[in-house]
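See below for the structure under consideration.
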Number of protein chains: 2
Amino acid sequence: MLADLSIKDYLAKTASGDPVPGGGSSAALNAALAAALTEMVAQLTIGRKGFEAVDADMRAVAAKAAGLRFSLTADVDRDSDSYAQVLKAFQRPKATEAEKAARTEAVQEAFKQAALVPLGVARAAVSLMDLGRIVIAKGNPNAASDGAAGVLAARMAARTAVYNVRINLRSIKDETFNAELRREADRLEAEAEAKEREALTLMQL
Amino acid sequence: MLADLSIKDYLAKTASGDPVPGGGSSAALNAALAAALTEMVAQLTIGRKGFEAVDADMRAVAAKAAGLRFSLTADVDRDSDSYAQVLKAFQRPKATEAEKAARTEAVQEAFKQAALVPLGVARAAVSLMDLGRIVIAKGNPNAASDGAAGVLAARMAARTAVYNVRINLRSIKDETFNAELRREADRLEAEAEAKEREALTLMQL
């Protein structure tokens with residue numbers, strides 16, 4: 001699994017001329033990093049004197065962020081795997097009409113999956129921006145810049161994932177599917193910008 | 001070393017209630033990721049038919065980005081270490097006037113180092129945005145979104161690193177040092193926004 005690689009090796013694998021891991025896995029990695037940084041601020045607040053009033057909020061944030069961290073870490077691989085599935089579908093036989101039809105269907109299905117994985121990453125990243133705003137606003141102020149780092153990582157994840165959704169939509173012929181995903185991608189992109197602004201305004205730096 | 005940890009373990013260590021690794025190391029990690037993604041696009045362009053005219057440019061970009069990837073990977077640790085040095089300086093004895101003076105000097109020196117490390121990360125991240133623009137504009141268009149992911153990662157790194165510079169400046173009493181770093185941090189922050197806009201405008205997505 002990519003997430004079992006050392007940071008050094010993951011970076012070397014990204015830098016290589018292999019098509020994966022690339023931007024899509026990097027988006028999932030940044031969303032997982034956003035979750036980790038948000039958890040960190042919550043952990044540095046839970047049980048501290050002076051923060052009793054927000055203790056329950058911080059525990060809820062930490063639990064949600066931890067759940068997202070695990071699923072987004074798995075998405076680092078899911079994104080690269082979905083790309084591999086597209087290549088695999090293209091390699092299917094196309095000698096007969098039946099083979100051609102089956103191949104086209106497999107290719108289309110693979111592209112849909114390759115669009116849905118980054119869409120999920122973008123959704124998770126945007127929801128992490130809300131958690132990031134909460135820890136910046138209510139958490140231990142000594143760790144506020146770690147919360148801001150989380151929001152910035154989530155915004156990188158959301159924007160990159162939206163690009164990857166759109167790239168895959170270009171190869172998908174199902175217009176209903178396309179229109180729905182395009183609309184959600186546009187919305188998530190706009191929300192990422194708005195939520196970043198909202199959260200970083202809280203930083204007096 | 002942090003960069004020898006698996007991605008999973010690095011994320012778990014970030015999520016924990018330890019003050020490092022936090023936003024500063026995450027900024028260095030994202031700058032290194034930006035370097036890797038930029039290299040990737042260059043590698044997917046070098047030697048390809050139809051890209052002969054930009055081959056030398058792509059080789060130059062790949063070499064520069066690889067150099068930055070290695071130094072920025074080391075900065076993941078340097079950032080966390082510089083924070084540890086601040087804590088260590090605070091633990092120095094302060095029983096006598098001489099001890100107090102030596103401690104104050106050590107604390108000030110440690111804060112300066114803790115400001116200079118993220119300043120270097122922000123500088124490198126901004127310079128990577130220029131390389132990112134080049135690979136998006138001239139590189140293999142099939143990998144343009146990986147170049148855009150690199151620019152987005154570099155912008156996360158620059159913005160986060162600038163926050164970390166400013167936080168450390170609050171504890172530094174040398175006004176000349178402060179004014180100089182504050183000016184450069186402000187400039188890098190503005191450049192990161194401008195260069196991101198410039199690079200992403202090239203994306204027709």
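The values are calculated or read from the model by the stated rules, or taken from the named source; none is laboratory data. Since the model is a prediction, treat every value here as computed from it, not as a measurement. Backbone-built Cβ (ideal geometry, glycine too); neighbour counts: all protein chains shown. The area values use the complete protein model at the heavy-atom level, side chains included, leaving out ligands, DNA and RNA. Shrake-Rupley method; radii C 1.70, N 1.55, O 1.52, S 1.80 Å.
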Per the filter on segment A:140-192, residues within 11 Å of another protein chain (Cβ to nearest Cβ), over 30 Å from A:G47 (Cα atoms) and of a type in the set (A, V, I, L, M, F, W, C) are A:M156, A:A157, A:A158, A:A161, A:V162, A:V165, A:I167, A:L169, A:A185, A:A192
Exactly one of A:V126, A:V135 is open to solvent by less than 20 Å² (accessible area, probe 1.4 Å) and under 17 Å from the mean Cα position of the chain (by Cα), and that one is A:V126
Condition set open to solvent by 50 Å² or more (accessible area, probe 1.4 Å) and touching a residue at least 60 places away in the same chain (Cβ under 8 Å), scope segment A:193-205, selection farthest from the other protein chains (Cβ to nearest Cβ): answer is A:E198
Review point. In this structure, does B:D81 turn out to be out of contact with any helix residue (DSSP H, G or I) (no Cβ under 6 Å at 6 or more places or on another chain), free of Cβ contacts under 8 Å to residues at least 12 places away in the same chain, surrounded by 15 or more Cβ atoms within 10 Å (Cβ to Cβ) and at negative phi?
Key: yes
Within segment B:11-49, residues assigned to a helix (DSSP H, G or I), of a type in the set (V, I, T) and out of contact with any Asp or Glu (no Cβ under 6 Å at 6 or more places or on another chain) come out as B:T14, B:T38
For segment B:1-16, pairs from a residue that is surrounded by fewer than 17 Cβ atoms within 10 Å (Cβ to Cβ) to a residue that is among the polar types (S, T, N, Q) and not in a helix (DSSP H, G or I), with Cβ under 6 Å and 6 or more apart or across chains, are B:D4/A:S6
Checked against (1) under 29 Å from A:T45 (Cβ atoms); (2) more than 10 Å from chain A (Cβ to nearest Cβ); (3) crowded, with 24+ Cβ neighbours inside 10 Å, B:R92 satisfies every condition except (3)
Given the conditions (1) small (G, A, S); (2) within 11 Å of chain B (Cβ to nearest Cβ); (3) in contact (Cβ under 8 Å) with a residue 24 or more places away in the chain; (4) out of contact with any Leu (no Cβ under 8 Å at 6 or more places or on another chain), every one holds for A:S71 apart from (2)
- On the given criteria, is A:L119 hydrophobic (A, V, I, L, M, F, W, C) and open to solvent by less than 50 Å² (accessible area, probe 1.4 Å)? yes
Of A:M40, A:M58, the only residue that is more than 25 Å from A:I7 (Cα to Cα) and surrounded by 24 or more Cβ atoms within 10 Å (Cβ to Cβ) is A:M58
Of the residues in segment B:1-10, those that are of a type outside the set (V, I, T) and either part of a helix (DSSP H, G or I) or more than 7 Å from chain A (Cβ to nearest Cβ) (or both) come to B:M1, B:L2, B:A3, B:D4, B:K8, B:D9, B:Y10
Selection from segment B:29-64 of residues closer than 18 Å to A:L29 by Cβ, at the interface with another protein chain (Cβ under 10 Å from one of its Cβ atoms) and of a type in the set (A, V, I, L, M) yields B:L29, B:A32, B:L33, B:A34, B:A35, B:A36, B:L37, B:M40, B:V41
For segment B:11-28, the count of residues that are facing chain A (nearest Cβ under 7 Å) and within 13 Å of B:T73 (Cα to Cα) equals 2
In segment A:1-24, residues that are within 10 Å of B:A36 (Cα to Cα) and among the basic types (K, R) total 1
